[in-house]
1. Take Gly10 and decide whether it is of a type in the set (Gly, Ala, Ser), exposed (fewer than 10 other Cβ atoms within 10 Å of the Cβ) and either at pLDDT below 90 or over 16 Å from the mean Cα position of the chain (by Cα) (or both).
2. Among the residues of the range 27-36, write down those that are assigned to a helix (DSSP H, G or I) and exposed (fewer than 10 other Cβ atoms within 10 Å of the Cβ).
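The values are calculated or read from the model by the stated rules, or taken from the named source; none is laboratory data. Everything numeric here is computed off the predicted structure, so don't read it as measured data. Cβ coordinates were reconstructed from backbone atoms using ideal geometry, including for glycine residues, and neighbour counts include every protein chain displayed.
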Amino acid sequence: MNPIWGTVAGIFIIVMMLTFIGIWIWAWLPRHKHSFDALARLPLEDDDDDGAGTAGGDRR
């Protein structure tokens, strides 16, 4: 096996690690808190639709 592959693999791992850390830092920025809180509450909110697609509805 060519010795260059060890260097390529090492550079690839460093790039992937920096990408992960960058996304992690971006997600935890304070300016995203409001939108993430709104998205977290979304499953708990009631729907205001006409009831179509509920468990008791006609599914034809």
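1. Numbers: of a type in the set (Gly, Ala, Ser): yes; exposed (fewer than 10 other Cβ atoms within 10 Å of the Cβ): no; either at pLDDT below 90 or over 16 Å from the mean Cα position of the chain (by Cα) (or both): yes.
Answer is no for this residue.
2. Going through the range 27-36, the residues assigned to a helix (DSSP H, G or I) turn out to be 27, 30-36.
Within the range 27-36, Ala27, Pro30, Arg31, His34, Ser35 qualify.
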